[in-house]
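Throughout, read-outs are computed from the coordinates displayed, never taken from laboratory work. Predicted model, so just to flag it, every value in this text is computed and none were measured. Using ideal geometry, Cβ is built from the backbone for each residue, glycine included, and neighbour counts are taken over all protein chains shown.
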Amino acid sequence: MILNALDEVLFWEDIEALKQFTKENSRKFYPHDYENYQKNAKKFFRTIIPSKAEFIRRLETYADIGQPIWISGRNELSDDIDAEAMVKAISVSSKISNGKEKAARASKWRENNPSFWNFYTDNILHQQENKILELTVGAGGGTTAVMQKMTEQDYYMGVDIDFVCAKNADALAKYYNINGLGIATSLWKLPFEDCMFTSVCCNAGLEECREIPTIIKEAYRVLKPGGKIVLRCLNTNKIQSYPRFEEYGFSEEEMIFWLKQIRMFASIESVEELLTHYGFKLFKKMTDERLGSILVFEK
């Protein structure tokens, strides 16, 4: 079960209550009645977390004891795969037809900014033979940008904690007929050897993650010396606003403060600081008012 990262933080010590509620709420309302799905979730949160003070107490608890482990299932490194997810991943997500659909959708929102996306892919595919690791495959928007420029000498590996999302990479690899696949695993403890990849990339996926410093540290470990990490980061005003903060009366400044405390703030500036802290050196940077910035750092 994939839960919102902030909700995991708030229920760090009683995650089973959140899991049980989310499962039941989804069964009743999702996706056919999204309005009541949201309304019921707000009611649940207000019952368990009745005040801003209690909200803050839970943030403080996570800031002190939170760890880079997956707690929404029995495994610490990836989400559990239930029967429904298995069937969907095999029969839908990994099929070439899904790759065709994802590629067509992504090409539409890339076509108005070709120079921005060319900058992204050209820095990922920066040598003749590339071994690429993508963090957070998601719906495959960044994946399509990379795969459509790959050659038979390049190899791609996509990781996502969600098994179904990881299989989007398989579908796109089939569609583009390139060497690539996706696996479900944690970004905090990547199952790869040291210095294995020539490029590590992520298309605005860090904003949805907990324990961002650990992710950056792992990216450094698996990247070859001279390799590049290429990250698209959203502008601060486009970072996911997390309605939970708004519902409890937090200002934008307070929200940013607490996202930093719980290691979930992924602004351009904060990611740059983390990359520098863990040993990366700034190589290039491109900024777009609407799309954010692409940071290219070298190991």
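Can you work out the FRET efficiency for the pair Trp109 and Glu208, with r the C-beta to C-beta distance and R0 = 30 Å, to the nearest 0.05?
Values: r = 18 Å, r/R0 = 0.61.
E(calc), rounded to 0.05, equals 0.95.
Mind checking which of Gly180, Gly140, Gly226 has the largest fluctuation in a GNM of the chain, springs on alpha carbons under 10 Å?
Gly226
Using Cα pairs under 8 angstrom and six or more residues apart, how large is the relative contact order of the chain, in percent?
Result for the chain is 17 percent.
Over the Cα atoms of segment 150-189, what is the Rg over Rh ratio if Rh follows Kirkwood?
1.02
Please go through the residue pairs Lys149/Lys228; Lys131/Lys167; Lys174/Lys285; Lys19/Lys42 and name each one whose alpha carbons sit more than 24 Å apart in this structure.
On the way: Lys149/Lys228 17 Å; Lys131/Lys167 19 Å; Lys174/Lys285 31 Å; Lys19/Lys42 15 Å.
From the list (Lys149/Lys228; Lys131/Lys167; Lys174/Lys285; Lys19/Lys42), the Cα-Cα distance tops 24 Å for Lys174/Lys285.
What ranking of Cys195, Cys165, Cys233, Cys201 emerges when the number of other C-beta atoms within 10 Å of each C-beta is taken as an exposure proxy, fewest first?
Details: Cys195 15, Cys165 22, Cys233 26, Cys201 30.
With the fewest neighbours first, Cys195, Cys165, Cys233, Cys201 line up as Cys195, Cys165, Cys233, Cys201.
For Asp170, Asp82, what ranking results if the residue with the fewest other Cβ atoms within 10 Å of its Cβ goes first? Could the numbers behind the result be given before it?
Numbers: Asp170 23, Asp82 12.
Ascending number of Cβ neighbours within 10 Å: Asp82, Asp170.
Could you put Met196, Met150 in order, starting from the residue whose Cβ has the fewest other Cβ atoms within 10 Å?
Numbers: Met196 16, Met150 21.
Going from sparsest to densest Cβ surroundings: Met196, Met150.
Would you mind calculating the gained length between Gln261 and Glu60 on full extension (0.36 nm times residue separation, minus the Cα-Cα distance), in nm to one decimal? Could you put the intermediate results ahead of the total?
Values: separation 201, 0.36 × 201 = 72.36 nm, distance 0.80 nm.
Fully extending the segment from Gln261 to Glu60 adds 71.6 nm.
With runs of 4+ DSSP H residues as the only contributors, calculate the mean residue ellipticity of the chain at 222 nm using -39,500 (n - 2.57) per run, divided by the residue total and rounded to the nearest 500.
Working: 13 runs with 139 residues, N = 299.
Theoretical 222 nm ellipticity from helices: -14000 deg cm²/dmol.
Compute the relative contact order of segment 5-65 as a whole-number percentage, counting only Cα pairs closer than 8 Å that sit 6 or more residues apart in sequence. Write down the numbers at each step before the final one.
On the way: 22 pairs, mean separation 26.0, N = 61.
43 percent.
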